[in-house]
1. How many lysine pairs does the chain hold where the Cα atoms are under 28 Å apart and the two sit 8 or more places apart or on different chains?
2. With Cβ to Cβ distances under 15 Å as the rule, what net charge do the other residues near ALA72 carry (K, R +1; D, E -1)?
3. Under a 1.4 angstrom probe, counting protein chains only, how are TYR24, TYR34, TYR69 ranked by accessible area, largest first?
4. Does segment 34-90 come out rounded, prolate or oblate by the C-alpha gyration tensor, with a ≥ b ≥ c the root eigenvalues, rounded set by a/c under 1.5 and, if not, prolate when a/b is larger than b/c and oblate if not?
5. Report the charge-dipole magnitude of the chain in Debye, nearest 20, computed about the Cα centre from +1 at each Lys and Arg Cβ and -1 at each Asp and Glu Cβ.
6. By residue number, which cysteines of the chain lack any other Cys whose Cβ falls under 4.7 Å from their Cβ?
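The values are calculated or read from the model by the stated rules, or taken from the named source; none is laboratory data. The structure presented is a predicted model; accordingly, all values stated were derived computationally and were not measured. Cβ: placed from backbone, ideal geometry, glycine included. Neighbour counts: every protein chain shown. Note: areas computed on protein heavy atoms with side chains; ligands, DNA, RNA excluded. Shrake-Rupley method; radii C 1.70, N 1.55, O 1.52, S 1.80 Å.
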Amino acid sequence: QMASSLDFVHYICQQIDGAGMISYRKMFGEYAIYCDGKVIGLICDNQFFVKKTTAGELIFPNCQEASPYTNAKPHLVIDSIDNKELMTTLIRVTCDELPNPRPRKKK
């Protein structure tokens, strides 16, 4: 298992930057991708895994699914990453459908 390249992470973030405030954070040697403060997906082994939502599955009806890591819920494996418009729409609807992150307790 190889780690993802930062170039790939930056490319994905550029492709979806119209969806909202996009950021990423390195986790376990791989990357979590955020839109407006919500984790919308992961990048593992230079593959883009997006959390499954009803809206997302409508946009990618025959999308391959896989778990980004052992025991993870299946995610959509996005292979049409060069289609900026489609990617941006997917991330926007995914973000809209996902629950807001629980506020962290202040220490």
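1. Eligible lysine pairs with Cα atoms under 28 Å apart amount to 24.
2. 0
3. Largest accessible area first, the list is TYR69, TYR24, TYR34.
4. Rounded shape, in that the Cα axes give a/c under 1.5.
5. Values: 13 positive and 12 negative charges, 186 e Å.
Using only the charged Cβ atoms, the result is roughly 900 debye.
6. CYS13, CYS44, CYS63
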